[in-house]
1. Using Cα positions and a limit of under 18 Å, work out the aspartates and glutamates in reach of K64, with same-chain residues fewer than 8 apart set aside.
2. For R71, enumerate residues with amide H under 5 Å from its amide H, sequence gap 5+ or separate chain, H modeled in the peptide plane.
3. I'd like the carbon and sulfur percentage of the solvent accessible area for the chain, probe radius 1.4 Å, heavy atoms only, ligands and nucleic acids excluded.
4. Are there chymotrypsin sites (Phe, Trp or Tyr not before Pro) in the range 14-115 that DSSP puts in a loop and that have at most 15 other Cβ atoms within 10 Å, and which ones?
5. Kindly report the accessible area of the chain per residue (heavy atoms of protein chains, probe 1.4 Å, no ligands, DNA or RNA), in Å².
6. Could you give the nm distance between label points at I27 and Q44, where each point is 7 Å from its Cα heading toward the beta carbon?
7. Work through the residues other than G54 whose Cβ is under 14 Å from its Cβ and net out their charges, Lys, Arg +1 and Asp, Glu -1.
8. What distance in nm separates the simple spin-label points at Q107 and A74, each placed 7 Å from Cα in the Cβ direction?
Amino acid sequence: QVQLVESGGGSVQPGGSLRLSCAASGIIFIIYDMGWYRQAPGKQRELVATITNGGSTNYADSVKGRFTISRDNAKKTVYLQMNSLKPEDTAVYYCNQDSRKLWPWGQGTQVTVSS
């Protein structure tokens, strides 16, 4: 079965950077479009960045120009480079496929942006 393991979160000051990783197993990773999602306290989970199996990317307006999604198919890993972080980026970050048919969620990784 599919397993997703997110890592790389932490606490940073506004303007700081973090790089998140998501390692996938149990799937033929290369065929899937992947996405990074986040869920802030009291809010619904939202999709913030996607990358197709061909490497095309797309971003939510709130993170465009600050976040970069990438993937390493050999390592079955998707990354999210987050720069110029803002307090409103505080959330638990998850990866999953970019599809209506989502896999079981991993544990996520907490990102806290605070001075």
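The values are calculated or read from the model by the stated rules, or taken from the named source; none is laboratory data. A quick note: this is a predicted structure, and the numbers were derived from the prediction, not measured. Because the Cβ atoms are built from the backbone with ideal geometry, glycine has one as well, and the counts that use them run over all protein chains shown. These area figures cover heavy atoms from the full protein model, side chains too; ligands, DNA and RNA do not enter into them. Shrake-Rupley method; radii C 1.70, N 1.55, O 1.52, S 1.80 Å.
1. Partners found: E46, E88, D89, D98.
2. For R71, the qualifying residues are Y79.
3. Accessible surface attributable to carbon and sulfur in the chain totals 47 percent.
4. W105
5. Working: 6120 Å² over 115 residues.
Value for the chain: 53 Å² per residue.
6. Distance between label points: 2.2 nm.
7. The answer is -1.
8. With each label point 7 Å from Cα toward Cβ, the separation is 2.9 nm.
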